[in-house]
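Colleague: Attaching a single structure in structure tokens format; questions to follow.
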Amino acid sequence: MTKLSRHFELAEFLATATGIEQTPNAAVVDNPRALCDRVLEPVRRRFGRPVIITSGYRNEELNKRVGGVRNSQHLLGEAADFFVWGEDLIDVFSWLCQNTPFDQTYMSSRGGFIHVSYRAPPRHEILNPR
């Protein structure tokens with residue numbers, strides 16, 4: 001069990017229902033740690049409820065299978081798709097945009113999740129929903 005931060009473990013970023021084996025290298029593990037510290041933990045503290053990661057790190061095979069873009073930050077462990085258990089997605093998205101140093105984010109128009117990434121220096125880009 002590898003802890004990334006107080007409330008997040010690496011296993012949450014690797015979980016997949018596809019059966020595809022995912023073993024990130026050590027450099028990739030540092031990226032979700034930064035995402036947790038700077039974005040996801042603040043969201044968790046603000047809302048006081050579990051942050052559920054629906055997609056985190058993706059190797060190339062998984063990224064292709066789920067229709068991810070070729071330059072997806074998921075490939076580097078810099079991105080996560082998530083929701084906050086029991087909270088309105090719009091409220092979480094609004095707070096995240098105003099209070100965290102995210103790199104890129106959007107709220108899914110059909111999937112009930114928020115996509116967020118972090119890298120330094122952050123671009124602070126709000127993208128069109130996918």
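The numbers here are math on the coordinates, done by the rules we state, and not lab data. Keep in mind the model is a prediction, meaning the values are calculated, not measured. Note: ideal-geometry Cβ built from the backbone for every residue, glycine included; neighbour counts use all protein chains shown.
Colleague: Give the angle, between 0 and 90 degrees and rounded to the nearest 10, that separates the Cα long axis of helix 26-35 from the longest principal axis of the Cα atoms of the chain.
Modeller: 10 degrees
Colleague: Based only on the alpha carbon positions, what is the Kirkwood hydrodynamic radius of the chain, in angstrom?
Modeller: The answer is 14.6 Å.
Colleague: Between helix 89-99 and the chain, what is the angle of the helix's C-alpha long axis to the longest principal axis, kept within 0 to 90° and rounded to the nearest 10?
Modeller: The angle comes out near 90 degrees.
Colleague: Determine the distance separating the Cα centre of the range 1-50 from the Cα centre of the range 81-130; give it in Å without decimals.
Modeller: Each part reduced to its Cα centre gives a spacing of 15 Å.
Colleague: Is there a quick way to get the dipole size of the chain? I mean about its Cα centre, with the Cβ of Lys and Arg at +1 and of Asp and Glu at -1; what is the value in debye to the nearest 20?
Modeller: Computed charge dipole of the chain: roughly 100 debye.
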